[in-house]
Amino acid sequence: MDHYDSQQTNDYMQPEEDWDRDLLLDPAWEKQQRKTFTAWCNSHLRKAGTQIENIEEDFRDGLKLMLLLEVISGERLAKPERGKMRVHKISNVNKALDFIASKGVKLVSIGAEEIVDGNVKMTLGMIWTIILRFAIQDISVEETSAKEGLLLWCQRKTAPYKNVNIQNFHISWKDGLGFCALIHRHRPELIDYGKLRKDDPLTNLNTAFDVAEKFLDIPKMLDAEDIVGTARPDEKAIMTYVSSFYHAFSGAQKAETAANRICKVLAVNQENEQLMEDYEKLASDLLEWIRRTIPWLENRVPENTMHAMQQKLEDFRDYRRLHKPPKVQEKCQLEINFNTLQTKLRLSNRPAFMPSEGRMVSDINNAWGCLEQAEKGYEEWLLNEIRRLERLDHLAEKFRQKASIHEAWTDGKEAMLRQKDYETATLSEIKALLKKHEAFESDLAAHQDRVEQIAAIAQELNELDYYDSPSVNARCQKICDQWDNLGALTQKRREALERTEKLLETIDQLYLEYAKRAAPFNNWMEGAMEDLQDTFIVHTIEEIQGLTTAHEQFKATLPDADKERLAILGIHNEVSKIVQTYHVNMAGTNPYTTITPQEINGKWDHVRQLVPRRDQALTEEHARQQHNERLRKQFGAQANVIGPWIQTKMEEIGRISIEMHGTLEDQLSHLRQYEKSIVNYKPKIDMLECDHQLIQEALIFDNKHTNYTMEHIRVGWEQLLTTIARTINEVENQILTRDAKGISQEQMNEFRASFNHFDRKKTGMMDTDDFRACLISMGYNMGEAEFARIMSIVDPNRLGVVTFQAFIDFMSRETADTDTADQVMASFKILAGDKNYITEDELRRELPPDQAEYCIARMAPYAGPDSVPGALDYMSFSTALYGESDL
């Protein structure tokens, strides 16, 4: 017994190591075990011309125990001791127990002394251990063995019989129908099962026991009265007796195995056909959806309003978010189903699946490419249209704002310019009016830019085909006409004022000088206050340094500004001095400006207060940017290590996938260890993610210390995991193909060496010319037609390349034998016997109903003209399952 069998025996024997000692105290169960175990031992001892009468007495000297083990094992034990002393008996029993232990059976609490002393409980436990090892352990049914295998065998054999439900080895056998069903299944002529009644267990049990003893050479190991009279018959006794049926009918097991092989072939065919139907339906539905969607995406009729275009964009987003993702999954599933089906067909030596015309994977990919092209064009068009409408709305609003401001400014200007107040004004008033008019002219000149902007905006709206261009043009024309009129009126009033201008007084000159210097100085202070209070947004240390430098430059101008302030106040003081000195009657304030010295001093004080606040804000921002720079450097240092590491691992995996070192299992083990080392690198990725989170929280948008972004790292990491998983999957598929085709490791190495040699581009794939050269180097002498046939096998999708998996599939197909087909056809011959045909009734009896009907339906069209009615001959069977060319 090898290690596996030993381990299996130990595992199975573990629950039985105490032999249900408490149950053996039940006299009814002990009686059943005595009779059953005695009969079982005699069924083997009679081959040696002896038997036992009392199971606890006849094994005490160990001689018959050793003889029993020699008969059931077919091996010779050590020479027994012939003395009558107790020590001789113990020695013989120990030899028997040592032989049992050498078969991998763990004997718990069973010693030679108890057997020599006639201990019933220990003797029965020992015999049960022998029965388990030599009668039950080697039973194997559909990947189950020992007790479970025996139970499954009983369930399979009795499944067609009514009133029989085998779930255990005790109460399921009390009515006797289970024993009768086993006999009838294999020898229906021995029992008329239809006359048996469930309510007559004694008759059923005695019938089964008598028939088994008379016709099947199975000794009567049980008493019907003991089984019926016990609430729960002894499980070990039932198992021992049922195992005798299993071994008696073991020859019939070959027919059942043959039927199972046919079932598996039929199940594979049914599954493949269902996959083909699923592919056709899924491909048809997906192509129809693409056909309906593309015209919608190609519609380029623009809308006039932003709301309508935004609704189109929302519809497109719903399509991308809700409608397209399920179709992407369907397309992926379609390709997976297609590849799975092709692999199953190759492994079954079946022709490759060719979808209906227009439903190839390449056709679907082409249609999908057209869909994505239309989708890309539609999205670009939507965005361009929205930008155009946004631009139009922005320009229209800008036009309205500027036009409204201009119209508000011109309101009353014509009436003012038509006044003739200068005719009755004094000299001082004339001077004031003249200066005021000069100020108006300056203001008018300043508004020239606005008028030109209004006209330029109207022109751009016309060029962009704005839907409300007529009203815009009318308003623009009105503004231009009014502007021309203002220009004429301004020139006319200036000429009138200049004619009346006679005297220029010192006060007027000073007022004018004050106004001219106060206004820009006031604007400068207002601008300074605005700049000092302006909220700044910076992203780098250089930007905050630039702001700090600019602020320092501004502070350097403050002394000159203070001198200007004192000069302006000096002009005002000089006016006051002149008024006081010459007693000038001044009516009102400075006519040229409303800026007072008090306002200038107040704003100056405010500027002086804002400067230190700005200093503090810049200092705080500088500290924040220094912190951000440290975060950038920390992230960059890690990213510059992780990024190249991922690239290196990708290149190493690429080399591993085309190199050959050791067996496929060694390569798979190496790849999985490699995958584990990659997965162990994940904490460094997580650490980088944490640093990236800190950068995002700090609102850092760029990093000059590295060219790697977190998105690059994530994509590289995902590609690395995908690549190693795909490489492992390729090696697993190679192992599957090798095992399915019976390819040796040497052959696999030769295939890989040939493939690598002719894979000149080192892409893991050979193009058509490389593949032809490879075949020629391997001794293939073929023309174009033969090479085209081979290419249709290795490249069914017509991609122009041959993968290593397709290469070994082809080579294994060329070199592999037809063991599977021969086994299935041998199974046919077992079922058919000497008739050379199988009747439909025989198929329905040996196969499950659905697979029997499927087999009959598949084979009926191939029946020959001389076939027996209602029967399937050898040729129709082979042609239906494998085609005329395969068998």
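The values are calculated or read from the model by the stated rules, or taken from the named source; none is laboratory data. Because the structure is predicted, anything quoted here is derived from the model rather than measured. Heads up, the Cβs are rebuilt from the backbone with ideal geometry, glycines too, and the neighbour counts pull from every protein chain shown. For accessibility, only protein heavy atoms count, side chains too; no ligands or nucleic acids. Shrake-Rupley method; radii C 1.70, N 1.55, O 1.52, S 1.80 Å.
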Treating only Lys and Arg (+1) and Asp and Glu (-1) as charged, each at its beta carbon, one finds that the stretch 594-643 has a dipole about its Cα centre, in Debye to the nearest 20, of 220 debye
Taking Cα pairs closer than 8 Å and at least 6 residues apart, the relative contact order of the stretch 177-258 in percent is 26 percent
Under Stokes-Einstein, the stretch 678-808 at 4 °C and 1.567 mPa s, with its Kirkwood radius over C-alpha pairs, diffuses with a coefficient in µm²/s of 70 µm²/s
For the stretch 696-746, the dipole about the Cα centre with charges only on Cβ (Lys and Arg +1, Asp and Glu -1), to the nearest 20 debye, works out at 100 debye
Per the stretch 277-435, sqrt(5λ) over the Cα gyration tensor eigenvalues, sorted largest first, in Å, gives 74, 12, 10
Projecting the Cα atoms of Gln598, Leu668, Met687 onto the charge dipole of the stretch 584-695, where Lys and Arg contribute +1 and Asp and Glu -1 at Cβ, the residue farthest towards the positive end is Gln598
Taking a probe of 1.4 Å and leaving out DNA, RNA and ligands, the chain shows per residue an accessible area in Å² of 53 Å²
So, with points 7 Å from each Cα along the Cβ direction, the Glu142-His627 label distance in nm works out to 7.0 nm
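Once the piece of chain linking Thr340 and Gln373 is laid out straight, how much longer is it, given 0.36 nm per residue of separation minus the C-alpha distance between them?
Numbers: separation 33, 0.36 × 33 = 11.88 nm, distance 2.91 nm.
This chain segment gains 9.0 nm when fully extended.
Can you compute the FRET efficiency between Thr203 and Lys264 using 1/(1 + (r/R0)^6), with r the Cβ-Cβ distance and R0 = 45 Å? Round to the nearest 0.05. Let's see the in-between values first.
Details: r = 40 Å, r/R0 = 0.89.
Calculated transfer efficiency: 0.65.
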Checked against the positive end of the charge dipole of the chain (+1 on Cβ of Lys and Arg, -1 on Cβ of Asp and Glu, about the Cα centre), the farthest of Gly118, Tyr708, Ala639 is Gly118
With Cα coordinates, the longest principal axis of the chain makes an angle with the long axis of helix 324-347, in degrees rounded to 10, of 30 degrees
In terms of the alpha carbon gyration tensor, root eigenvalues a ≥ b ≥ c, rounded if a/c is under 1.5 and otherwise prolate when a/b exceeds b/c or oblate, the stretch 176-255 is oblate
Quick tally, 1.4 Å probe accessible area for Tyr837, Tyr681, sorted with the most first, runs Tyr837, Tyr681
Whole-percent carbon and sulfur contribution to the accessible surface of the stretch 83-222 (1.4 Å, no ligands, DNA or RNA) stands at 48 percent
In order over the stretch 786-797: 3J(HN,Hα) from phi, Karplus 6.51/-1.76/1.60, θ = phi - 60°, whole Hz, x for each Gly or Pro, gives 5, 5, 5, 5, 5, 5, 5, 7, 7, 9, x, 8
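How large, in Å, is the stretch 67-128 by the Kirkwood hydrodynamic radius built from its alpha-carbon pairs?
Working: mean 1/r = 0.0821 Å⁻¹.
This gives a value of 12.2 Å.
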With label points set 7 Å from each Cα along the Cα-to-Cβ direction at Lys761 and Gln459, the distance between them in nm comes to 5.6 nm
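Which trypsin sites (Lys or Arg not before Pro) in the stretch 270-368 sit in a loop by DSSP (not H, G, I, E or B) and have at most 10 other Cβ atoms within 10 Å of their own Cβ?
Numbers: sites: Lys281, Arg291, Arg292, Arg300, Lys312, Arg317, Arg320, Arg321, Lys327, Lys331, Lys344, Arg346, Arg359; in loops: Arg300, Arg359.
Qualifying residues, ordered by number: Arg300.
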If R0 = 60 Å, then Asp666 and Gln533, at their Cβ-Cβ distance, give a FRET efficiency to the nearest 0.05 of 0.25
With Cα coordinates, the longest principal axis of the chain makes an angle with the long axis of helix 201-215, in degrees rounded to 10, of 70 degrees
For Leu668, the net charge from surrounding residues (Cβ-Cβ under 11 Å; K, R +1; D, E -1) works out to -4
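Given +1 on the Cβ of Lys and Arg, -1 on the Cβ of Asp and Glu, and no further charges, what dipole in debye does the chain carry about its Cα centre, rounded to the nearest 20?
Charge dipole, the chain, about its Cα centre: 1000 debye, nearest 20.
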Taking placed amide H atoms and a strict 5 Å upper bound, the residues 5 or more places from Asn797 or on another chain that come that close are none
Rounded to the nearest 10 Å², the accessible area of Val679 using a 1.4 Å probe with every protein chain kept is 80 Å²
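List the relative contact order of the stretch 73-167 as a percent without decimals, with contacts defined as Cα pairs under 8 Å and 6+ residues apart. Working shown, then result.
Working: 69 pairs, mean separation 13.7, N = 95.
Relative contact order comes out at 14 percent.
Identify the chymotrypsin sites (Phe, Trp or Tyr not before Pro) of the stretch 696-728 meeting these criteria: DSSP loop state and at most 11 other C-beta atoms within 10 Å of the C-beta. Walk me through the intermediate numbers first.
Working: sites: Phe701, Tyr708, Trp717; in loops: Phe701, Tyr708.
The qualifying sites are Phe701.
Between Glu711 and Glu452, what FRET efficiency comes out of the Förster formula 1/(1 + (r/R0)^6) with R0 = 56 Å and r the beta carbon distance, rounded to 0.05? Could you put the intermediate results ahead of the total?
Values: r = 47 Å, r/R0 = 0.83.
So the FRET efficiency works out to roughly 0.75.
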Between the Cα axis of helix 664-679 and the main Cα principal axis of the chain, the angle (0 to 90°, nearest 10) is 40 degrees
In whole Hz, the Karplus estimates of ³J(HN,Hα) for the stretch 621-632 (6.51, -1.76, 1.60; θ = phi - 60°; x where Gly or Pro) are 5, 4, 5, 5, 5, 5, 4, 4, 5, 5, 4, 4
Cα-based Rg then Dmax for the stretch 400-499, in Å, read 16.7, 57
Per residue convex hull volume, Cα only, the stretch 600-702, in Å³ is 96 Å³
Among Tyr514, Phe209, Thr549, the residue whose Cα sits farthest towards the positive end of the charge dipole of the chain (+1 at Cβ of Lys and Arg, -1 at Cβ of Asp and Glu, taken about the Cα centre) is Phe209
Site Ser73, offset 7 angstrom along Cα→Cβ, radius 16 Å on amide nitrogen, limited to the stretch 111-128, gives 112, 126-128
One checks the Cα atoms of the chain and finds Rg and Dmax, in Å, of 51.7, 166
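The stretch 526-623: which chymotrypsin sites (Phe, Trp or Tyr not before Pro) are DSSP loop and have at most 14 other beta-carbon atoms within 10 angstrom?
Values: sites: Phe536, Phe554, Tyr582, Tyr592, Trp604; in loops: Phe536, Tyr592.
The qualifying sites are Phe536.
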